[in-house]
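Inspection log for the structure reproduced underneath, given as structure tokens.
Every read-out reported here was derived from the displayed coordinates using simple, explicitly stated rules and does not represent laboratory data. What you see is a predicted model, and the numbers here were worked out from it, not measured in a lab. Because the Cβ atoms are built from the backbone with ideal geometry, glycine has one as well, and the counts that use them run over all protein chains shown.
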2 protein chains.
Amino acid sequence: MNPLENIRIVLVEPKYGGNIGSVCRAMMNMGVTDLALIGRPEQFDMEEARKLAFHAEEMLNGIQIFQTLEEAVADCTVVAGTSARTGFYRDHAFLPREIAPVLLDSAAHHKTALVFGREDKGLFNNELAVCTHIINIPSSELYRSLNLSHSVMVCCYEIFLLANNPSYEAPAECSPEADGAMRERLYAAWSALMLETGFCEPEKLDHMMLGLRRIFSRGKLTDNDVKILLGLAKQSRWAASMKEREGFSQV
Amino acid sequence: MNPLENIRIVLVEPKYGGNIGSVCRAMMNMGVTDLALIGRPEQFDMEEARKLAFHAEEMLNGIQIFQTLEEAVADCTVVAGTSARTGFYRDHAFLPREIAPVLLDSAAHHKTALVFGREDKGLFNNELAVCTHIINIPSSELYRSLNLSHSVMVCCYEIFLLANNPSYEAPAECSPEADGAMRERLYAAWSALMLETGFCEPEKLDHMMLGLRRIFSRGKLTDNDVKILLGLAKQSRWAASMKEREGFSQV
């Protein structure tokens, strides 16, 4: 299988239909064909998209629309989100050229997502939290923010070049990697653990979980890793609840 | 001086104002600000361009419009034209990543041009002839032809990355390089020589000159090189004209 077929481009609430069309064309130019949109179907101007797709219109028919980013990447192992800003948990950001082998290695065996935010506001923190990696496209201080389809083009161009580099070798698969859905189960269990044990206050949970997600995203998480971590959370919650009862009984 | 300021993007007869605007934005994102258009001023929809430039509108005010490509690159030493097709004299084409150091080295001391053709027909042969280098942006067999602003983005992105690479070192200048105007004088003299000596028939001159231009573009041509070559052409034409007179006198 061609790994480029495992690359999914996800656009979160794109405002302009023209950008959706331009993205289709850029993707097809670079051999990438799986496009997902996040939002309500009626908010996308597909007529405008059709005009700009220009010979890539057929791709528009294959677009999947999801309500949430979690759903769109539930079957993806690596999920890389683009961010123009730096700062909180964005300092581990990759350049497009650095992330290309990570994405292509992953796409050899798994669905792999590249996520792009709104034209004006980018990705929100809770959306970046769903990503395993963050990409920062280098740009001039003159004008930092790239057009949506240009961002997609730069990222797909780097992946396409690598995929067509004769010296690139796809990895043999060792153990199955956890996908988005499985990772979200893990994070839900750990969130519960943090609250129930009083490790952190509810209003600080989001911030804490962002940190935890970054830590777990530094390396690959296999299905087995997630099972162990899930088990640990479950057991700790059980033990904590026992302790709590003891506490109560001692009162 | 920042070498990116010596990079001139030249668009030959762009059809859609929106593309001009998108190109402005892509350029500014990558720190490149010198834009020239070839055509008649009234054929460009600058209103549409303004909409798509999106925070790069100020660049629109600095655009220079030329009637011919030769005029637009008269002060440029390296002139790289993009072509989607392969074939006649296009097999020496460079990838954007390969050409980036050539362009940036040149831009350290000279005006340097990157030329992009019409949305539908690209650059004509007589325009490619003015170029010292040809760039071929790799793309999928699914759909070869990139949107104009995407092509500009990919090329500028490669140059911007290199310019910001700490290990890149700009070359010290040795001898002044010939610019477009000087090269055109040379080619005009050699064309005349070829015709006057009967080396080639008028209808084959264009084809022959394309080949000659490619040969001279493989390395750098300094001002001195061009002076020697010009002198040789001049002397040969003079000798040939003498010979001709002798021939006539012998009849």
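Miscellaneous remarks
- GNM result for chain A, Cα springs below 10 Å: residue of A:E71, A:E13, A:E203 fluctuating most strongly: A:E203
- Beta bridges per DSSP, both residues in chain B: antiparallel share near 10 percent.
- Within a Gaussian network of chain A (alpha carbon springs, distance under 10 Å), most fluctuating of A:L142, A:L161, A:L210: A:L142
- Of A:C156, A:C174, A:C131, the residue with the greatest mean-square motion in the GNM of chain A, using alpha carbon springs below 10 Å, is A:C174.
- In a DSSP loop and with at most 14 other Cβ atoms within 10 Å, the chymotrypsin sites (Phe, Trp or Tyr not before Pro) in region B:71-145 are B:F88, B:F124.
- Tilt relative to chain B, helix B:205-217 - C-alpha long axis, 0 to 90 degrees, to 10: 70 degrees
- Extension gain for B:S175-B:A188 works out to 2.3 nm (0.36 nm per residue, less the C-alpha to C-alpha distance).
- Förster radius 60 Å - calculated FRET efficiency between A:N224 and B:D75, Cβ distance, rounded to 0.05: 0.40
- DSSP-defined antiparallel bridges as percent of all bridges, the protein assembly as shown, nearest 5: 10 percent
- Prolate/oblate/rounded label for region B:3-60 (Cα gyration tensor, a/c 1.5): oblate
- Rounded if a/c under 1.5, otherwise prolate or oblate - region A:68-165, Cα gyration tensor axes: oblate
- Inter-copy label distances at B:M242 (7 Å, Cα→Cβ; nm, one decimal): 11.1
- Per-residue average of Cβ from other chains inside 10 Å of A:136-147: 6
- At 7 Å out from Cα toward Cβ: A:P171 inter-copy label distances (nm, ascending): 4.0
- The same position A:M208 in the other copies lies at 8.3 nm from this copy, comparing label points 7 Å beyond Cα toward the beta-carbon, shortest first.
- Chain B: calculated mean residue ellipticity at 222 nm from DSSP helix runs of at least 4, using -39500 (n - 2.57): -15000 deg cm²/dmol
- Peptides A:16-23, A:219-226 ordered by average Cβ neighbours within 10 Å, highest first: A:16-23, A:219-226
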